[in-house]
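Have a look at the structure below, then the notes.
The values are calculated or read from the model by the stated rules, or taken from the named source; none is laboratory data. Source: prediction; values computed, not measured. In this analysis, Cβ positions are derived from the backbone assuming ideal geometry, glycine residues included, and neighbour counts consider all displayed protein chains.
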Amino acid sequence: MNKLILEEDNNKLTTGNYLIEYYHHISLDLEGELTLSHYDTKNNNLNINLADNSNLNLFYVYILNKDLNIDLKVNNNSILNTNFIFLNTGNNKVIININTIGSNNKENIKLRAINKNKDSKLEIICTGIVTKNTCDNELLEDLKGLIPNNSSIKISPNIEVNTNEVMANHLVTIGSFDQSSLFYLKTKGLDDYMAKSLLLKSFLLSNIPAELQEKIQAEVIEFE
Amino acid sequence: MLKITNLNVQASDKTILNDFNLTINDGEIHVIMGPNGAGKSTICKAIFNHPDYTINGNITYNNHNLVGTTPTDISRLGIFLLNQNPIEIEGITNAELIRNALSAKTGKPIDIFEFNKKLNEVCDIIKLPKSFVHRDINFNMSGGEKKKNELLSLFMLEPSFIMLDEIDSGLDIDALKVVGQALSKYYAMYKPSMLIITHHPDLLKYFPDYQVHILKDGHIISSGDKSLVNKIETSGFEANVISRSKQNE
């Protein structure tokens, strides 16, 4: 994996596997086969433009402490897989727009969110837009929030479709820990906090690269 | 010794176990059979103080009162539940679960070398590919694989009291043989007490001796030695209950 520090506002990346760092609002033009991993504590807004015939896997982890905007633009014949993880502290709002302006794309938007603090509030508005005069696009929004305490998460899954040649789905679940899983882990001798920590890790880290897992685990261990 | 006296268990205002009594001495194997809906699986969950149940009565294990005790503490007393449909948890590996459970039980950090060595030995005993150690808990496994996977935890945690809740359901002949032989070996190695809940006698042939109880309407209506299993298989639960009732009269 290439560690990349981006200091310019606009950057173009081609085929590769990148662990990226940057310090302010950034725009990325991406082309080719790319995997981008990023661990963010500064909550920089993000714009991505995915070129034709590209394949992007996005693993972005945010320790949220302010509002955030993410805009993704997809052109033609491309595959976009996102894995967004939000560990929220405070009262914050995230707006995600996925704009499909071309044809023959597959987009899988996966998002997992938790509140780290008891009094936190998180609102997520995720909007997938498929513009008119496009065809053969597939869009799936898979958005999940887990509330380990008495905090609040609101997720609005929106799909705006302007063509009849598209397959678009969204699913949202928000809830607390699965009681059957908790009971199972406790019958193996784990205490309540340990069992919940493992379930949080399970919720957040499935399919996340090892480099990011280590950083997230340290955060996950400390929840109220 | 596990001792259950005057146990009443309710869920959502429905009585499931009613005046249930059972004593299992150290090293004894007891089998509970009975028609569907008799409350067999509830016994195991009640022993583990499942939060969905309202439990009245007494359950003690080696003089520890289990009613009101957390599932965590009940597990740490050496009680283990292996049920018919083990839950799947994506994102937590078997090794991770067992390592945490062992560390919590002993209160000491785990010696990774010894831990891995024992995991490998157990995989050989239960004929489980070693790659399963690093797979997520029961995730994307077949019914037979899940049962074997649970045996991995059993052998690693070395409980002194084991509850098997219809673990033979859904197993093909080969898988049943592997599970039966593994449990038989565990019994020979550690002499645990066992409570086996089953509909079928096939699993029982792996154990030398046991007592059998028939559960109906939430309590035991008939008990006997292992020969009772053959009678049940031949003539069903109802015939045996009637026959026993007449003997008692």
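Answer yes or no: is there a residue in the stretch B:50-57 that is surrounded by fewer than 15 Cβ atoms within 10 Å (Cβ to Cβ), away from chain A (no Cβ under 14 Å) and in contact with a strand residue (DSSP E or B) (Cβ under 9 Å, 6 or more places away or on another chain). Can you show your working first?
First, the residues of the stretch B:50-57 that are surrounded by fewer than 15 Cβ atoms within 10 Å (Cβ to Cβ): B:51-52, B:54, B:56.
Okay, now just the ones that are also away from chain A (no Cβ under 14 Å), so B:54, B:56.
Cutting the leftovers down to in contact with a strand residue (DSSP E or B) (Cβ under 9 Å, 6 or more places away or on another chain) gives us B:54, B:56.
Checked the stretch B:50-57: at least one residue is surrounded by fewer than 15 Cβ atoms within 10 Å (Cβ to Cβ), away from chain A (no Cβ under 14 Å) and in contact with a strand residue (DSSP E or B) (Cβ under 9 Å, 6 or more places away or on another chain).
Of all residues in the stretch B:94-106, which are over 14 Å from A:Met194 (Cα atoms) and modelled with pLDDT of 90 or more? I'd like the intermediate steps shown before the answer.
Step one: filter the stretch B:94-106 for residues over 14 Å from A:Met194 (Cα atoms), giving B:94-95, B:106.
Matches in the stretch B:94-106: B:Asn94, B:Ala95.
Within the stretch A:157-185, work out how many residues are away from chain B (no Cβ under 14 Å) and more than 19 Å from the chain's Cα centre (by Cα).
Looking only at that region, the number is 8.
Which of the following residues is of a type outside the set (Gly, Ala, Ser) and within 14 Å of chain B (Cβ to nearest Cβ): A:Lys154, A:Lys188? Give the steps one after another, and end with the answer.
Values: A:Lys154 fails: within 14 Å of chain B (Cβ to nearest Cβ).
Among A:Lys154, A:Lys188, only A:Lys188 is of a type outside the set (Gly, Ala, Ser) and within 14 Å of chain B (Cβ to nearest Cβ).
Scan the stretch B:1-55 residue by residue and report those that are among the small types (Gly, Ala, Ser), closer than 21 Å to B:Val212 by Cβ and in contact (Cβ under 8 Å) with a residue 12 or more places away in the chain. Lay out the reasoning, then the answer.
First pass over the stretch B:1-55, keeping only residues among the small types (Gly, Ala, Ser): B:11-12, B:27, B:34, B:37-39, B:41, B:46.
If we keep only those that are closer than 21 Å to B:Val212 by Cβ too, we end up with B:27, B:34, B:37-39, B:41, B:46.
Listed by number, the residues that qualify are B:Gly27, B:Gly34, B:Ala38, B:Gly39, B:Ser41, B:Ala46.
Restricting to the stretch A:191-203, count the residues that are more than 8 Å from chain B (Cβ to nearest Cβ), within 30 Å of A:Leu36 (Cα to Cα) and not polar (S, T, N, Q).
Matching residues across the stretch A:191-203 total 2.
Determine whether A:Gly145 is buried (at least 17 other Cβ atoms within 10 Å of the Cβ), away from chain B (no Cβ under 14 Å) and among the small types (Gly, Ala, Ser). Let's see the steps before the verdict.
Numbers: buried (at least 17 other Cβ atoms within 10 Å of the Cβ): yes; away from chain B (no Cβ under 14 Å): yes; among the small types (Gly, Ala, Ser): yes.
Yes; evaluated as a whole, the condition is true for this residue.
Since B:Met33 meets every condition but one in (1) away from chain A (no Cβ under 14 Å); (2) farther than 26 Å from B:Leu183 by Cβ, which condition does it not meet?
Status for B:Met33: all satisfied but (2).
Filter the stretch B:157-179 down to the residues that are aliphatic (A, V, I, L, M), under 11 Å from B:Asp202 (Cβ atoms) and crowded, with 19+ Cβ neighbours inside 10 Å and list them by number. So that I can check it myself, show each step before the final result.
Applying the first criterion (aliphatic (A, V, I, L, M)) to the stretch B:157-179 yields B:157, B:162-164, B:167, B:171, B:173, B:175-176, B:178-179.
Of the ones still in play, those that are also under 11 Å from B:Asp202 (Cβ atoms) are B:171, B:173, B:176, B:179.
Within the stretch B:157-179, B:Leu171, B:Leu176, B:Val179 meet the criteria.
For the stretch B:66-106, enumerate the residues that are β-branched (Val, Ile, Thr), in contact with a strand residue (DSSP E or B) (Cβ under 8 Å, 6 or more places away or on another chain) and either closer than 28 Å to A:Leu205 by Cα or at the interface with chain A (Cβ under 10 Å from one of its Cβ atoms) (or both).
Taking the stretch B:66-106 as the starting set, the residues that turn out to be β-branched (Val, Ile, Thr) are B:67, B:69-70, B:72, B:74, B:79, B:87, B:89, B:92-93, B:98, B:106.
Okay, now just the ones that are also in contact with a strand residue (DSSP E or B) (Cβ under 8 Å, 6 or more places away or on another chain), so B:67, B:74, B:79, B:87, B:89, B:92-93.
Answer for the stretch B:66-106, where residues must be β-branched (Val, Ile, Thr), in contact with a strand residue (DSSP E or B) (Cβ under 8 Å, 6 or more places away or on another chain) and either closer than 28 Å to A:Leu205 by Cα or at the interface with chain A (Cβ under 10 Å from one of its Cβ atoms) (or both): B:Ile74, B:Ile79, B:Ile87, B:Ile89, B:Ile92, B:Thr93.
In the set A:Ile95, A:Ile124, A:Ile109, which member is at pLDDT 95 or above, more than 20 Å from A:Leu212 (Cβ to Cβ) and under 15 Å from the mean Cα position of the chain (by Cα)?
On the way: A:Ile124 fails: more than 20 Å from A:Leu212 (Cβ to Cβ); A:Ile109 fails: more than 20 Å from A:Leu212 (Cβ to Cβ).
Only one candidate passes the filter, namely A:Ile95.
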